[in-house]
Amino acid sequence: MRKYELKNSAPTVKEYKYLCGAVGWTNYMNFEVVKASLTNSLHCITAYDHEQIIGMGRIVGDGAIYFYIQDIVVHPDYQNKGIAKDIMNLLFSYLKQNAPDKAFIGLFASQGKEGFYEKYDFKNYSPSMTGMFTVISKEK
């Protein structure tokens, strides 16, 4: 029996910071703009143990052709209990209902987590196609 609750809602900025800190993402995030980022998400799923957030996932993109799975994160104390799977299932349910035919669904998988996403039919297309990204750095 599931001991957590899943909601169709975005986390608060405080909850987002908490989860990022729990998994070591703090140094990679600009928390000054997180509120706008969460508000502009197409769809969010959050997981709670009573009133404490323990996981989240969201979909970002243009809502027409491009959709990206973003921020699949589960607090380390709750990992390997099927929470990420439940979050992904709800995100995919949203995509099946809202994404048009031939929509592109992308994501970046953390090293070692590729197998989890392959279960959802994500494929590594390298070397013919590579996922690439850059980060804007405005040193102060």
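Listed conditions (1) open to solvent by 30 Å² or more (accessible area, probe 1.4 Å); (2) without any contact (Cβ under 8 Å) to a residue 60 or more places away in the chain are all met by N8, apart from (2). If you go through region 88-139 and keep only what is assigned to a helix (DSSP H, G or I) and among the hydroxyl-bearing types (S, T, Y), you end up with S93, Y94, Y117.
Each residue in region 56-68 was checked for being under 21 Å from E5 (Cβ atoms) and either hydrophobic (A, V, I, L, M, F, W, C) or surrounded by fewer than 15 Cβ atoms within 10 Å (Cβ to Cβ) (or both), and 2 pass.
Do any residues in region 20-44 that are assigned to a loop (DSSP other than H, G, I, E, B) have Cβ atoms under 7 Å from those of residues that are open to solvent by 90 Å² or more (accessible area, probe 1.4 Å) and modelled with pLDDT of 95 or more, where the two are at least six apart or on different chains, and which pairs are they? Sorted first by the residue in region 20-44, then by its partner, the pairs are F31/K17. Among the residues of region 73-84, are any among the aromatic types (F, W, Y), open to solvent by 50 Å² or more (accessible area, probe 1.4 Å), over 11 Å from the mean Cα position of the chain (by Cα) and modelled with pLDDT of 95 or more? Within region 73-84 (the criterion being among the aromatic types (F, W, Y), open to solvent by 50 Å² or more (accessible area, probe 1.4 Å), over 11 Å from the mean Cα position of the chain (by Cα) and modelled with pLDDT of 95 or more), the answer is yes, since at least one residue qualifies. Would you call E139 at negative phi, without any contact (Cβ under 8 Å) to a residue 12 or more places away in the chain and surrounded by 12 or more Cβ atoms within 10 Å (Cβ to Cβ)? No: the conditions fail for E139.
When S126, S93 are checked against the criterion of being open to solvent by 40 Å² or more (accessible area, probe 1.4 Å) and either in contact with a Lys or Arg (Cβ under 6 Å, 6 or more places away or on another chain) or over 25 Å from E15 (Cβ atoms) (or both), S126 stands alone in meeting it. Check G115 against each of (1) farther than 25 Å from N40 by Cβ; (2) open to solvent by 50 Å² or more (accessible area, probe 1.4 Å) and name the one condition it does not meet. Exception for G115: condition (2).
The values are calculated or read from the model by the stated rules, or taken from the named source; none is laboratory data. Remember, it's a predicted structure, so these values are computed and weren't measured experimentally. Cβ atoms come from the backbone with ideal geometry, glycine included; neighbour counts cover every protein chain shown. These accessible areas exclude ligands, DNA and RNA; they are computed on the full protein's heavy atoms, side chains included. Shrake-Rupley method; radii C 1.70, N 1.55, O 1.52, S 1.80 Å.
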